[in-house]
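The values are calculated or read from the model by the stated rules, or taken from the named source; none is laboratory data. Nothing here was measured: the structure is a model prediction, and the numbers come from that model. Note that each Cβ is placed from the backbone with ideal geometry, even for glycine, and that neighbours are counted across all protein chains shown. Each accessible area value is taken on the protein alone, full model and side chains, heavy atoms only, with ligands, DNA and RNA left out. Shrake-Rupley method; radii C 1.70, N 1.55, O 1.52, S 1.80 Å.
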Amino acid sequence: QTCALPILSGIFDQMIADHPDVTWQATLETNRGCPYACTFCDWGSLTYNKVKKFELQRVFDELEWMARHNFDWISITDANFGMFPERDGLIADKIIECQERYGSPRTFSVAWAKNQKKEVIDIVKKLLDARGFNQGLTLSVQSLDLDVLENIRRKNMEMNKLNEVFELCDQRNIPAYTELILGLPGETLESWKRNFYALYDLNQHTGITVFQAQLLENAEMNLLQKKLFKITSQPVTDYFAGSYSVEHIEESIDVITGTKDMPTPIMLDAQIFAWFQTTFHINGFATLVARFINKHLGISYDGYYADLFDYAMTHPWLDKEAEEARQYFSNWMTTGKINHPKIGVEIHGWNIIHRTSMNMHQENCVDDLYDFLESFLLRYNLPEDLLRSLMKLQRNYYIKYDDRHQYPMKLEIDYNIWDYLSFNQPLKQIPTTYLLDFPEDKTMSLNRFLELFYFARRRNFGKATVERTGARDVQVAKRGQGAAKAQGSFSVKKKLSCLAIQ
């Protein structure tokens with residue numbers, strides 16, 4: 001007897017018909033299994049060297065069904081999309097076809113193959129150039145330290161390939177979403193910091209998410225490496241959104257709280273470092289400034305952010321935020337719960353790193369912090385008009401909740417700073433006009449705005465799209481109509497936006 005496939009059997013059709021106001025999402029496997037044996041993961045340990053490919057026509061039919069039923073987001077849950085370049089290229093073609101024909105899925109996500117070949121980069125380029133592609137790319141590295149990678153039996157994409165993809169994404173203004181794992185065997189505070197700075201040097205500025213390493217039941221890290229690396233752990237009960245729900249049985253996840261190379265007090269320092277980088281760089285508050293100082297003056301990200309952190313701790317509000325963040329991280333690692341008050345929305349283990357970005361808007365102190373940042377930048381002796389142009393672009397690139405209705409806007413500055421940063425054009429003192437927009441619902445509540453710092457991190461939430469006007473002499477990468485629809489009515493020509501949809 002043949003067992004009907006759930007999606008194609010028709011059993012969901014009536015449910016969808018009965019709930020026309022619901023926006024649907026789906027997970028879809030095109031294959032099952034993982035050929036790798038990363039020690040922090042039990043996926044490969046259960047299916048090592050066993051990858052089963054589902055029948056290709058079935059995958060096409062399921063994608064077609066989801067698109068016809070207007071699914072908003074499809075998560076391709078293969079362990080290594082792109083591992084079979086020819087086959088996965090056909091699946092990418094089918095997704096593009098569905099987006100063009102039905103306008104669905106509005107977005108999708110994939111976890112790309114760990115050790116990607118040139119053919120995989122070709123799939124990436126194909127998606128970036130597609131008319132309907134409007135989301136970021138997931139390029140997880142977990143760590144960039146070679147000793148750590150050896151300890152966890154991990155091999156990342158080659159650096160030059162990572163740089164190529166990040167640069168393509170930057171020029172097409174599609175954030176590449178990268179994951180780092182804190183607490184891996186052999187990671188030190190110094191190597192942890194280098195992970196961020198190396199990613200910045202590779203043109204990854206928009207989407208870095210920090211996961212706390214976990215001890216999974218059948219993973220080698222739990223079975224064999226725990227004693228070798230003196231790993232300590234804590235069961236935590238608020239790792240994911242909705243963890244505090246009283247409707248379900250409370251469950252916990254064992255997260256790593258220390259290793260011989262990063263004892264718990266040092267791990268707290270690493271968490272505060274990640275909090276600071278998320279606040280100032282990844283969430284966009286001072287990203288353009290850091291990139292400009294690095295490129296124009298040749299100052300390393302390491303040196304720049306070390307100085308900025310010391311300076312930031314002289315600001316009473318930022319110093320208070322740092323101390324409170326440290327206390328909540330400590331709560332999490334010693335009791336298993338953060339016990340953090342709401343900032344409009346629930347704060348749980350995974351989004352505590354965004355608390356200061358949220359508080360900036362909740363407590364209406366964005367402008368004050370920009371004045372403080374500008375006072376810090378005086379040490380670099382930039383020409384007054386150049387500093388003014390840089391801060392004007394930075395202030396408007398970062399969306400302030402109270403100013404969201406001002407977008408779209410025309411921003412006039414005295415230098416071609418965006419072209420210089422994103423397209424390697426020579427820096428010129430020339431009157432330049434950029435069109436900036438906030439490609440979100442401008443009527444959203446403050447609570448919704450704050451919530452999206454966490455839930456919309458993959459689509460680069462909180463930063464403006466940027467388009468250069470009259471840029472005939474500027475090399476501009478094209479984006480598709482799907483992106484244009486997501487961004488509003490701006491022309492796709494000469495697009496220099498920063499949009500990706502989760």
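Table for the structure above
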{"item": "Spatial extent of the stretch 271-429: Rg and Dmax, with the Cα atoms as the point set, Å", "result": "17.0, 55"}
{"item": "Inter-label distance, nm, simple model (7 Å from Cα along the C-beta direction), Lys125/Lys230", "result": "4.9 nm"}
{"item": "Gain on full stretching of the segment that runs from Thr433 to Glu100 - 0.36 nm per residue minus C-alpha separation", "result": "116.7 nm"}
{"item": "Coordinate range along principal axes, alpha carbons of the stretch 298-338, Å, largest first", "result": "43, 22, 8"}
{"item": "The stretch 320-400 - percent relative contact order, Cα under 8 Å, separation 6 or more", "result": "19 percent"}
{"item": "For the stretch 331-373, accessible area per residue (1.4 Å probe, heavy atoms of protein chains only), Å²", "result": "34 Å²"}
{"item": "Portion, in percent, of the accessible area of the stretch 302-444 that falls on carbon or sulfur, probe 1.4 Å", "result": "47 percent"}
{"item": "Peptides ranked, highest mean first, by Cβ atoms within 10 Å: ranges 439-447, 231-239", "result": "231-239, 439-447"}
{"item": "Rg ratio (alpha-carbon, reference 2.2 N^0.38 Å) - the stretch 244-315", "result": "1.56"}
{"item": "Sites His69 and Cys365, calculated FRET efficiency, Cβ-Cβ separation with R0 56 Å, nearest 0.05", "result": "0.80"}
{"item": "Where the Cα pairs of the stretch 188-311 fall when distances are cut into 10 Å bins, in %", "result": "11, 34, 29, 20, 6, 0"}
{"item": "Heavy-atom accessible area per residue - the stretch 374-434, 1.4 Å, Å²", "result": "46 Å²"}
{"item": "Reference-scaled alpha-carbon Rg (2.2 N^0.38 Å with N residues) for the stretch 10-93", "result": "1.29"}
